[in-house]
1. So, of the residues in the stretch B:1-14 that are under 19 Å from B:THR74 (Cβ atoms) and open to solvent by 80 Å² or more (accessible area, probe 1.4 Å), which turns out to be farthest from the other protein chains (Cβ to nearest Cβ)?
2. Inside the stretch A:5-20, can you point out the residues that are outside any helix (DSSP H, G or I) and away from chain B (no Cβ under 14 Å)?
3. Just to be sure I understand, how many residues within the stretch A:32-56 are among the charged types (D, E, K, R) and open to solvent by 70 Å² or more (accessible area, probe 1.4 Å)?
4. A:VAL287 fails exactly one of the following numbered conditions: (1) over 15 Å from A:ALA192 (Cβ atoms); (2) in contact (Cβ under 8 Å) with a residue 24 or more places away in the chain; (3) in a helix (DSSP H, G or I). What is the number of that condition?
5. How many residues, within the stretch B:110-135, are within 11 Å of another protein chain (Cβ to nearest Cβ) and exposed (fewer than 15 other Cβ atoms within 10 Å of the Cβ)?
6. Take the residues of the stretch B:20-56 that are closer than 18 Å to B:ALA66 by Cβ and in contact with a Phe, Trp or Tyr (Cβ under 6 Å, 6 or more places away or on another chain): which is nearest to the other protein chains (Cβ to nearest Cβ)?
7. Given the options A:GLY191, A:GLY173, A:GLY241, A:GLY202, name the one that is of a type in the set (Gly, Ala, Ser), surrounded by fewer than 21 Cβ atoms within 10 Å (Cβ to Cβ) and either in contact with a Gly (Cβ under 7 Å, 6 or more places away or on another chain) or modelled with pLDDT of 95 or more (or both).
8. For residues that are within 18 Å of A:GLY66 (Cα to Cα) and either among the basic types (Lys, Arg) or surrounded by 24 or more Cβ atoms within 10 Å (Cβ to Cβ) (or both), scanning just the stretch A:126-149, find the one that is nearest to the other protein chains (Cβ to nearest Cβ).
Amino acid sequence: MSLTIANSLDEILTSLAAGARPIAGGTDLVVGARQGKAPLPDSLVAIDRVTALSKIETVNGQVRIGAGVTHSRLMNDPMIVERYPGLADAAALIGSPSTRNVGTIGGNVMNGSPAMDTGAPLVTLGAVVELHSVGSTRQVALSDLWTGPGRTSANPDELCVYIIIPHPPARSGSAYVRLEYRRAMEIAVVGAGASVVLAEDGSIVSGRVAMTSVAPTIVELANASDAMVGLSPVEAATVIGAMASDQAVPISDLRGSDRYRRHTIGVMAARALDAAARRAGGEPIGVPVNRSLGIGAAR
Amino acid sequence: MNETYELEVNGVRYPINAAMDRNLLSVLRTEIGLTGTKEGCDDCECGACMVLIDGQPVNSCSYLAAQAQGREVTTVEGILDGDNLHPLQRNLLEEGGVQCGFCTPGMIMSAQALLTRNPSPTEEEIRIGLSGNLCRCTGYQRILAAVERTAAES
């Protein structure tokens, strides 16, 4: 096996074009290799020292998050916490402090796990990824990126360089909650992200909901915005919870049965919507919502 | 196939000759001979292998050794003050936070990183700071007490 430590984006893209695979923190790749999921690739390019990948920039009404930004940085970045608290909730739930120190948003998104925590909030925030290869750049919506468990529509020579999120409108809020059996080193049994925009009277103008660990990929709840418009957040939470249980297509595995997941995704979707609406109304709910509202594992 | 590179561990530069797929834990233990860092689960769950890379706690079982080139690695051997125990080590012993001792080096590295960043953590912050470290002996309370005492003393 060979490992090249890249110092520039061009160097990474050239390596990928020659058949190398990217490694950032290694929290999925190295563990997966030892668990026998997939051996380490013959040729790796380390992308964790390229500063272009570790920036969080605001450009033209969007934030561009470098794919190499770690979960620790996301959960502590004041702008992310203020504008995109749902994403900060997710980053704060991943693994443990050591996982968050080296694990990256790009790695989480491109690993394509249906249980990834950053996926659902990114969907509800309208994020797209920007993929670069030698001589080519394209933006892909998340719904077109994830094609199955561990699979994406990105070509092997493409690197996710940015995750791009539009600025949220006024009176909006977002949240991500997860059902978990323990407080750390946990993978979502189920999880839900929500974003909502409120009218001045507190009713819902629009909203999006996405679900974790109930389908082969992270999936957005269909027709959620239409179902919520004009409702109070309390009314909407009931409606959305029922829709989430209805639309979920979970499997049974060691973390939960399909019936348990189908029930609990409704509970989590309703709680995510409730927290997002309370944040949209100006209530300060700390990151992560799970800890602030006592959702998930007891201490 | 082995390759040659250099790692800086506890302020000392070591020449390494190893395959590039070796994790940092195995290189620390078997190439450099620093056996304070433990292999527990070898699966990024237990935290026994915790080291600091550029001051941040990282699971060395899930980090390629070659990726640590040019970075500063600190193991439990690196926090001793000459022949004196580090305050965290002394307080873990005095509070009864050490039983079998296998998790202790990793606990110390996570606690050290926490206290460097946040010298006066709340109990909740200590729990979060140590949340990647499992202990099957103590029930954690005495470990929390040792970290609280270390913070109070400094």
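The values are calculated or read from the model by the stated rules, or taken from the named source; none is laboratory data. Predicted, not measured: the structure shown is a model, and the values here were computed from it. Ideal geometry is used to build each Cβ from the backbone, glycine not excepted, and the neighbour counts take in all protein chains shown. These area figures cover heavy atoms from the full protein model, side chains too; ligands, DNA and RNA do not enter into them. Shrake-Rupley method; radii C 1.70, N 1.55, O 1.52, S 1.80 Å.
1. B:ARG13
2. Once the filter is applied, which keeps residues that are outside any helix (DSSP H, G or I) and away from chain B (no Cβ under 14 Å), the stretch A:5-20 yields A:SER8, A:ALA18, A:GLY19.
3. Residues that pass the stated criteria total 4.
4. (3)
5. Residues meeting the conditions: 3.
6. B:LEU24
7. From the options A:GLY191, A:GLY173, A:GLY241, A:GLY202, the qualifying one is A:GLY202.
8. Per the criteria, the residue is A:VAL129.
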